[in-house]
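First up is the structure itself, then whatever we jot down about it.
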Amino acid sequence: MSTRVQVRGRDVAREAYRIETDAGAAFVPECLMAGGLRPGGRPSHQDAYEWIAAHRAGLARAVERLTRGDAPRPPYDILTLIEVR
């Protein structure tokens, strides 16, 4: 399985980052990255990109599971698949 994960920007309304993998694309909520943040805070772009890079294998597996119609394992079960038209 590939662990290619590319960040395709931030969706302000969803408070999530768009990622793309070989299996598909998904929104990654910022709350997953909130480890060292103050309550109500959000990660900087640098922090988000570093978190995504550090968790790329789990994110790629989660997107792959979502595209198959399966539920990803926590904490990645809150990712939202992006439908490509």
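Side notes on the structure shown:
- Residue, least open to solvent (accessible area, probe 1.4 Å), within the range 11-21, restricted to residues that are touching an Asp or Glu at 6+ places or on another chain (Cβ under 8 Å) and of a type in the set (D, E, K, R): ARG18
- Output for the range 47-84, where each listed residue is surrounded by 14 or more Cβ atoms within 10 Å (Cβ to Cβ) and assigned to a loop (DSSP other than H, G, I, E, B): HIS55, PRO72, LEU79
- The residues in the range 24-50 that are hydrophobic (A, V, I, L, M, F, W, C), at pLDDT below 95 and within 17 Å of TYR76 (Cβ to Cβ) can be counted, and the count is 5.
The values are calculated or read from the model by the stated rules, or taken from the named source; none is laboratory data. Treat the numbers as computed from the prediction; the structure is a model and nothing was measured. We place every Cβ from the backbone using ideal geometry, glycine too, and count neighbours over all the protein chains shown. These accessible areas exclude ligands, DNA and RNA; they are computed on the full protein's heavy atoms, side chains included. Shrake-Rupley method; radii C 1.70, N 1.55, O 1.52, S 1.80 Å.
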